[in-house]
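The values are calculated or read from the model by the stated rules, or taken from the named source; none is laboratory data. The structure presented is a predicted model; accordingly, all values stated were derived computationally and were not measured. Here the Cβ positions follow ideal geometry from the backbone for every residue, glycine too, while neighbour counts run over all protein chains shown. SASA here: full protein model, heavy atoms, side chains in, ligands and nucleic acids out. Shrake-Rupley method; radii C 1.70, N 1.55, O 1.52, S 1.80 Å.
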Amino acid sequence: MKTKISETIRQWIPLSQTWINELPEGDESILQYMLLKRTAQCCSEMLNSDNEADIALAQNIIKVINLLYTSGNHYIKNAIENEFFSELIVQETPAGLKKHLDYFSKESREGYLKTILEN
């Protein structure tokens, strides 16, 4: 699985290696979506933690997603919106929305809000 999404996540989020190893063999595009979804699940768990180290790791994950989103083509942005943002939205609370939006870059924030409105 050597694509921009998987390579970036693998290189910049060391914890992701276990997620990559858990993914089944198959079509690379499907695996990218599965990896983004699993990354979002982990990020969401960490954002809701009281542990400062977990929150810092979640912020690092969001920085990597911001990097991918802002430098990505339409396909990458769509994948992030469909899998990463959609998964975070499921766990989103009104009280946490502003705090979470502060972690996103301007462009990612717009994509995140667009995803909220579409869902």
* Structure fact -> Those helices (runs of 4 or more DSSP H) completely within region 1-117 that have 1 or more residues that are of a type in the set (Phe, Trp, Tyr) and open to solvent by less than 60 Å² (accessible area, probe 1.4 Å) are 16-22, 28-47, 52-71, 94-103
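Per-residue answers, yes or no, for (1) closer than 16 Å to Gln41 by Cβ; (2) under 15 Å from the mean Cα position of the chain (by Cα); (3) acidic (Asp, Glu):
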site: Asn78; (1), (2), (3): no, yes, no
site: Asn82; (1), (2), (3): yes, yes, no
site: Ser86; (1), (2), (3): yes, yes, no
site: Lys99; (1), (2), (3): no, no, no
